[in-house]
Amino acid sequence: MILENSYNHTNHILYLRHTHKRNFILLTDLVIRSLNETANSMNMIKVTPPLYGAVKCEGSSELYEMVHFGKSVYLTQSSQMYLEAVVPTILKSTYCDTPSFRKEKSRTKRHLTQFTHWEYEMFGFYDFDKFFNFLKEFIAIFFTKLFELDKYKVLEELNRIKFIENIISKPIKTLRHDEAITILNETGIKKENGQLFNSHDDIPESQERKLIDSIETIVFLTHSRQ
């Protein structure tokens with residue numbers, strides 16, 4: 001489905017009045033505040049990157065191009081390079097919560113034309129174990145903040161409290177890509193064409209969601225060999 005066929009997109013000003021959209025706005029605010037508070041507690045520095053630049057990244061067909069003072073510039077797909085450039089200047093990890101733009105005519109959870117992009121770049125050298133421990137600490141603090149900062153009770157409104165508590169009560173699991181492929185094939189979760197996955201296939205969003213839901217905890221999919 002592409003955006004032109006979406007009633008909610010075409011009539012967005014009316015959709016803003018819907019209870020679902022209200023909860024989405026409140027939840028987005030809560031998540032971003034919780035992420036920022038988590039980053040702040042871990043001594044990360046918030047940066048405000050530019051929303052456009054003269055350098056193309058990823059595929060040029062997926063970029064929004066515009067003319068700025070007579071020169072072609074592109075709306076950012078990611079602030080990663082800017083955050084990376086700031087790290088050696090301040091010798092601290094950096095993060096941002098700014099819009100990103102991707103010119104993709106798809107309407108899935110992984111294909112959005114504009115979205116709030118929370119990104120960070122770390123200062124220092126990390127091996128896999130050190131990075132994994134950092135992520136576990138970040139996630140633990142984040143969920144603590146999520147409950148603490150929910151002054152509008154949106155998690156209760158969405159009936160998500162017990163669900164989240166159940167998920168975070170279990171250890172975080174790491175799953176190698178080849179292990180994930182094996183589980184998909186053994187549990188009958190197939191590709192869109194009905195075929196089994198091969199060892200080097202990407203895992204689409206729908207199949208990945210089914211896989212994670214069956215495990216019922218936070219899962220990090222990693223490379224095939226550690």
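Miscellaneous remarks
- Taking other Cβ atoms within 10 Å as a rough exposure proxy, VAL219, VAL87, VAL67 sort from fewest to most as VAL67, VAL219, VAL87.
- Euclidean distance between Cα centres, region 85-163 to region 168-216, Å: 23
- Our estimate of slack between PHE24 and ARG176, defined as 0.36 nm per intervening residue step minus the Cα-Cα distance, is 51.5 nm.
- Charge sum, other residues only, whose C-beta stays under 12 Å from GLU148's C-beta, Lys/Arg counted +1 and Asp/Glu -1: +1
- Across region 129-223, Cα-Cα pairs more than 20 Å apart make up 49 percent of the total.
- Counting only residues at least eight positions apart within a chain, or on another chain, the lysines with an alpha carbon under 18 Å from that of LYS173 are LYS130, LYS136, LYS210.
- Computed 3J(HN,Hα) for region 71-79, one whole-Hz value per residue from the Karplus formula 6.51 cos²θ - 1.76 cosθ + 1.60 where θ = phi - 60°, is 10, 6, 10, 10, 4, 5, 8, 6, 9, glycine and proline marked x.
- Note, ³J(HN,Hα) from phi for region 208-220, Karplus 6.51, -1.76, 1.60, rounded to Hz, x at Gly and Pro: 5, 4, 4, 5, 5, 4, 6, 8, 6, 7, 6, 10, 10
- Sum of side-chain charges, VAL73 neighbourhood, beta-carbon under 13 Å (Lys, Arg +1; Asp, Glu -1): +1
- Measuring r between the beta carbons of GLU156 and SER106 and using R0 = 25 Å, the FRET efficiency lands at 0.15.
- Panel values: the chain, Kirkwood radius from alpha carbon pairs, Stokes-Einstein at 10 °C and 1.306 mPa s, translational diffusion coefficient 78 µm²/s.
- For the chain, adding -39500 (n - 2.57) for each run of n ≥ 4 DSSP H residues and dividing by the number of residues yields -12500 deg cm²/dmol at 222 nm.
- Cβ-based exposure ranking for GLU179, GLU192, in which fewest neighbours within 10 Å come first: GLU192, GLU179
Bear in mind that the values in this text are calculations on the coordinates, not laboratory data. In this text the structure is predicted, and so the values were computed from the model without any measurement. Positions of Cβ are generated from backbone atoms using ideal geometry, with glycine treated the same way; all protein chains shown enter the neighbour counts.
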